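Structure first, then comments.
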Amino acid sequence: MRDVVLNILLDNLGHFVSGEDISRQLGITRAAVWKYIKLLQSQGYPIESSTKKGYCLRQVPDILDDALLLRGLDTSVFGRKMEIHSSIGSTNARAKELALNGAPEGTVVIADEQVQGRGRLGRSWISPPGKGIWMSVVLRPRLFPQQASRITIMTAVAVANALKRSAQIEVGIKWPNDIVCGGKKLCGILNEVHAEPQVIHYAVVGIGLNVNFSQEDLPDGIKDLATSLKIEKDKEFCRVDIIRAILQEMEKSYLQRLNNDRFTELLKEYEAHSVILGKRVRVIGIGSELSGYAEGFGEDGSLILRLDDGRLETILAGDVSIRGESSYV
């Protein structure tokens with residue numbers, strides 16, 4: 001009933017609706033309406049009350065609420081089941097737990113804060129409350145394990161398209177899993193797969209997107225490497241709008257372009273967003289480093305690197321990092 005009251009207020013955003021009208025629509029007492037209004041106010045909704053006019057939700061706050069997320073979420077699979085946590089160790093860890101217990105494809109775990117956020121290669125991911133989007137999606141793709149990198153490619157393209165639509169910002173993709181803007185990291189993607197040699201049982205793809213960080217919010221060690229939507233656009237964003245857009249773009253690419261001939265089309269879109277193609281880069285592995293020009297990407301998600309002697313080297317994402325010749329990109 002709380003969500004129904006909220007939706008009535010959202011339908012009348014910026015306008016008053018009387019307690020009598022709400023009680024009549026829902027078949028509950030005006031005292032019950034008042035109870036739900038007080039609950040919503042305690043949860044951060046700026047609802048104005050007037051004895052004569054009723055209740056008015058002045059604006060949609062930046063609150064991670066499944067009622068807000070589901071409102072206008074035009075998907076059939078992604079986000080139909082979701083968990084939202086005020087604080088959690090890791091959304092990927094929770095999503096893997098749900099996947100192991102049979103959670104349906106498209107299940108989403110979202111947190112306002114992660115206290116044990118992780119990126120690739122075991123790196124920690126700074127995930128403070130209210131500043132970003134920390135979310136993971138359970139997938140059950142009909143792919144061979146060697147095709148698992150398609151999930152990262154699909155997600156990167158989906159995030160890029162979603163940000164263009166919801167935040168009016170153009171971003172690039174830095175192989176294999178970073179979304180960048182202005183030469184700095186804006187978002188990271190972590191794809192974890194549970195598989196046997198011939199079948200993927202499930203995959204969990206995590207997305208960590210810096211949204212409302214100011215420059216002062218960034219730790220000293222990453223100030224020169226990271227950015228946020230707020231830093232790039234000089235304004236704050238409603239995270240719910242961006243999450244909705246990401247889930248919609250992910251579902252579209254996942255259902256239509258992951259398993260069939262249209263993956264080539266998806267890979268071309270990934271290449272079009274690439275910030276390293278044609279550039280000289282360094283590939284840094286455990287105890288080794290290669291330099292060369294980024295020539296392209298294979299359908300297995302590999303980087304095709306042209307070495308200085310003209311040979312082509314195929315690099316799998318695995319345990320390597322990539323840098324520009326003298327900078328992050």
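Please determine whether any residue of the range 228-239 is under 30 Å from residue 77 (Cβ atoms), open to solvent by less than 60 Å² (accessible area, probe 1.4 Å), among the charged types (D, E, K, R) and modelled with pLDDT of 95 or more.
Scanning the range 228-239, I find at least one residue that is under 30 Å from residue 77 (Cβ atoms), open to solvent by less than 60 Å² (accessible area, probe 1.4 Å), among the charged types (D, E, K, R) and modelled with pLDDT of 95 or more, so the answer is yes.
Considering only residues that are without any contact (Cβ under 8 Å) to a residue 40 or more places away in the chain, out of contact with any Pro (no Cβ under 6 Å at 6 or more places or on another chain), outside any strand (DSSP E or B) and closer than 26 Å to residue 43 by Cβ, which ones fall in the range 104-120?
Answer for the range 104-120, where residues must be without any contact (Cβ under 8 Å) to a residue 40 or more places away in the chain, out of contact with any Pro (no Cβ under 6 Å at 6 or more places or on another chain), outside any strand (DSSP E or B) and closer than 26 Å to residue 43 by Cβ: 107, 115, 116.
Inside the range 302-316, can you point out the residues that are at pLDDT 90 or above, among the hydrophobic types (A, V, I, L, M, F, W, C) and open to solvent by 90 Å² or more (accessible area, probe 1.4 Å)?
Of everything in the range 302-316, just one residue is at pLDDT 90 or above, among the hydrophobic types (A, V, I, L, M, F, W, C) and open to solvent by 90 Å² or more (accessible area, probe 1.4 Å), namely 312.
Among the residues that make up the range 96-113, is at least one of them over 16 Å from the mean Cα position of the chain (by Cα), modelled with pLDDT under 95, open to solvent by less than 40 Å² (accessible area, probe 1.4 Å) and over 21 Å from residue 228 (Cβ atoms)?
no
Please find, among 22, 28, the residue that is at pLDDT 95 or above, open to solvent by 30 Å² or more (accessible area, probe 1.4 Å) and more than 21 Å from residue 69 (Cα to Cα).
So the residue among 22, 28 that is at pLDDT 95 or above, open to solvent by 30 Å² or more (accessible area, probe 1.4 Å) and more than 21 Å from residue 69 (Cα to Cα) is 28.
From the residues in the range 270-301 that are part of a strand (DSSP E or B) and among the hydroxyl-bearing types (Ser, Thr, Tyr), which one is nearest to residue 156 (Cα to Cα)?
Within the range 270-301, the match that is nearest to residue 156 (Cα to Cα) is 274.
Could you pull out every one of the helices (runs of 4 or more DSSP H) wholly within the range 13-86 that has 2 or more residues that are touching a residue at least 12 places away in the same chain (Cβ under 8 Å) and under 27 Å from residue 110 (Cα atoms)?
30-42, 66-70
Just to check your reading of the model, which residue among 247, 267 is surrounded by 15 or more Cβ atoms within 10 Å (Cβ to Cβ), in a helix (DSSP H, G or I) and over 19 Å from the mean Cα position of the chain (by Cα)?
The conditions single out 267.
Among the residues of the range 1-24, which ones are within 36 Å of the chain's Cα centre (by Cα) and of a type in the set (S, T, N, Q)?
Correct list: 7, 12.
Do you know which residues across the range 55-95 are open to solvent by less than 20 Å² (accessible area, probe 1.4 Å), within 26 Å of residue 126 (Cα to Cα) and in contact with a helix residue (DSSP H, G or I) (Cβ under 6 Å, 6 or more places away or on another chain)?
68, 69, 78, 79
Between 279, 252, which is charged (D, E, K, R), more than 30 Å from residue 78 (Cβ to Cβ) and open to solvent by 50 Å² or more (accessible area, probe 1.4 Å)?
279
Looking at (1) at pLDDT below 85; (2) surrounded by 12 or more Cβ atoms within 10 Å (Cβ to Cβ); (3) in contact with a helix residue (DSSP H, G or I) (Cβ under 7 Å, 6 or more places away or on another chain), can you tell me which one residue 299 breaks?
Tallying (1) at pLDDT below 85; (2) surrounded by 12 or more Cβ atoms within 10 Å (Cβ to Cβ); (3) in contact with a helix residue (DSSP H, G or I) (Cβ under 7 Å, 6 or more places away or on another chain), residue 299 fails exactly one: (1).
Which condition breaks for residue 46 when tested against (1) loosely packed, with under 15 Cβ neighbours inside 10 Å; (2) more than 27 Å from the chain's Cα centre (by Cα); (3) of a type outside the set (Phe, Trp, Tyr); (4) at negative phi?
In the conditions (1) loosely packed, with under 15 Cβ neighbours inside 10 Å; (2) more than 27 Å from the chain's Cα centre (by Cα); (3) of a type outside the set (Phe, Trp, Tyr); (4) at negative phi, residue 46 misses (2) alone.
State all residues of the range 163-217 that are open to solvent by less than 20 Å² (accessible area, probe 1.4 Å) and small (Gly, Ala, Ser); if no residue qualifies, say none.
167, 172, 188, 203, 206, 208
The values are calculated or read from the model by the stated rules, or taken from the named source; none is laboratory data. Since the model is a prediction, treat every value here as computed from it, not as a measurement. All Cβ positions, glycine included, derive from the backbone under ideal geometry; neighbour counts span all protein chains shown. For accessibility, only protein heavy atoms count, side chains too; no ligands or nucleic acids. Shrake-Rupley method; radii C 1.70, N 1.55, O 1.52, S 1.80 Å.
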